[in-house]
Amino acid sequence: MRHRAAPPTTERKVLGQVLVCVGCCCGRPDKGKPPVPAERLKTEWKRRRLLRRVHLTISGCLGPCDLVNVVCLAAPGGLRWLGGLTQDGEYEALLEWATRSAEAGRMLPLPSALEARAFEGPFPQAAHGPGSASGAGNGGPQDGPWPERSPCRGAS
């Protein structure tokens, strides 16, 4: 009789994760694209001691290359996608939101500066396929733990 191995587990639990794209297009001034302040984000995340509550990942390409400077916010209830972050103030708003969320012990609503950059994620079949009218898991209008809000641009 074969015994099944126990699935891997982690002791490290976080409220959520912020994935910042610095891939083939995002953060590439050498290709005429706006920069991503990746080093400043990493430095501030460490200085504010956010990593154990809201994890930061500077990633390769996240996929939606038609929207420059993409950020994906992952939490137990699903994903939120932000695109077109080009202003220092937007990245500062991301830092402040992560700091407030860590202090609150939960993912808080996005500030208006970031909410204005929200878009429906790149997985339309997951959002609108069989058995999924809500768009759960793709940054659609009903994803938790994100507070209820109006549908993202492009949502049907």
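Only the coordinates and a few stated rules stand behind these numbers; no lab work does. Source: prediction; values computed, not measured. When we count neighbours, we look across all protein chains shown, and the Cβ atoms used for this are built from the backbone with ideal geometry, even at glycine.
Does residue 11 satisfy the criteria of being surrounded by 17 or more Cβ atoms within 10 Å (Cβ to Cβ), among the charged types (D, E, K, R), farther than 17 Å from residue 86 by Cβ and out of contact with any Gly (no Cβ under 7 Å at 6 or more places or on another chain)?
On the way: surrounded by 17 or more Cβ atoms within 10 Å (Cβ to Cβ): no; among the charged types (D, E, K, R): yes; farther than 17 Å from residue 86 by Cβ: yes; out of contact with any Gly (no Cβ under 7 Å at 6 or more places or on another chain): yes.
Criteria not met by residue 11.
Answer yes or no: is there a residue in the stretch 24-35 that is on the phi < 0 side of the Ramachandran plot, touching a residue at least 12 places away in the same chain (Cβ under 8 Å), in contact with a helix residue (DSSP H, G or I) (Cβ under 6 Å, 6 or more places away or on another chain) and assigned to a loop (DSSP other than H, G, I, E, B).
Going residue by residue through the stretch 24-35, those that are on the phi < 0 side of the Ramachandran plot are 24-26, 28-31, 33-35.
The next check asks that each one be touching a residue at least 12 places away in the same chain (Cβ under 8 Å); those that pass are 24-26, 33-34.
With in contact with a helix residue (DSSP H, G or I) (Cβ under 6 Å, 6 or more places away or on another chain) added as a condition, the list becomes none.
The answer is no; no qualifying residue exists.
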Those residues of the stretch 8-23 which are of a type outside the set (Lys, Arg) and without any contact (Cβ under 8 Å) to a residue 24 or more places away in the chain, in sequence order: 8, 9, 10, 11
First in the stretch 90-116 and of a type in the set (Val, Ile, Thr), second anywhere and surrounded by fewer than 20 Cβ atoms within 10 Å (Cβ to Cβ), Cβ under 8 Å, 6 or more apart: 99/48
